[in-house]
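Structure first, commentary second.
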Amino acid sequence: MSGLLPLVGHSLRRRRGLLAALSLMLIVFQIFMILTARNYEQTGGFRQIAALMPQFMAQWTNMMGASFTGFVLFGYSHPLVQLFLVAMAISISTEPLGEIETKFVDLMMARPIRRTTAINRTLIVLVVATVIAVGSMLVATFGGLRLLAPATARPPQPRVIVSLAANLALLVLAWGGIALAIASCARRRATAGAATGFLAFATFVLDYAGKFWEAVKPISRISPFHYFDPFTMIGGRPLSTTDVAALAMMFAVSAAIAGVVYVWRDL
């Protein structure tokens, strides 16, 4: 534990502006979604959307766009929210490689700390940042519903909201672990970040293709996004233990690989 907490504090201080801006953006986005859902509920817009929505789309999204509940929870499934959070995870997880490039690692290794301390520091910062970001969405959702939900609306169940947030957080952590494993093997931070970003985009598209194309469905299981299915949870399905286990395993295995490679690599 020697040197771990100072490094965690140093990394969090460096990212306090990013975390504050990201949390504020997520809060504003979620409040905006609640306000929009409130307007549709009061004007009867959801009935019109339900009448126009194709049947196959209604079944796949559990009438997400045609109900107050679905619209409020749309933020947790929005592709931009997912990709923004994954980008945050990549930025944090490639920090050890950035420290090698800037020679900050020389200062760390001059002190009596283990090499794994740098990896453990990054994992802790990743978890803290993810909790702050997703927690901001939770606070905005519960607070916005309490203050802004119309009396005629049927708000989402707290269990569903928490399940979506937990599943989203696990997805972000899984990608953070993958980015850390790639960064531990790469020579340049930009290369590691670009490779992970491309992989995230490719597997995101693969997951969506698997939802509509039966031939691709078995292959799509390699995508971490496959284990985040917000639409079924919006429809009432409990958080799947299989999804939790798969994402947790991706995070744990990637973190272990990063630790082993970083110990033996040339700094």
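Treating only the Cβ atoms of Lys and Arg (+1) and Asp and Glu (-1) as charged, compute the dipole magnitude of the chain about its Cα centre; round to the nearest 20 debye.
Values: 22 positive and 10 negative charges, 95 e Å.
That gives the chain a dipole magnitude of about 460 debye.
Angle, helix 4-14 long axis vs. longest principal axis of the chain, Cα atoms, 0 to 90°, nearest 10?
It is inclined by approximately 60 degrees.
May I ask you to compute the full-extension gain from A252 to A215, defined as 0.36 nm times their residue separation minus their alpha-carbon distance, rounded to one decimal in nm? Don't skip to the end; give the middle numbers.
Numbers: separation 37, 0.36 × 37 = 13.32 nm, distance 2.97 nm.
Stretched out fully, the A252 to A215 stretch lengthens by 10.4 nm.
Specify the angular offset, from 0 to 90 degrees and rounded to the nearest 10, of the alpha carbon long axis of helix 16-43 from the longest principal axis of the alpha carbons in the chain.
Rounded to the nearest ten degrees, it is 10.
Coordinate-derived values only; no laboratory data. If you're wondering where the values come from, they're calculated on a predicted model, not measured in any experiment. Please note: Cβ atoms are built from the backbone with ideal geometry, for glycine as well, and neighbour counts cover all protein chains shown.
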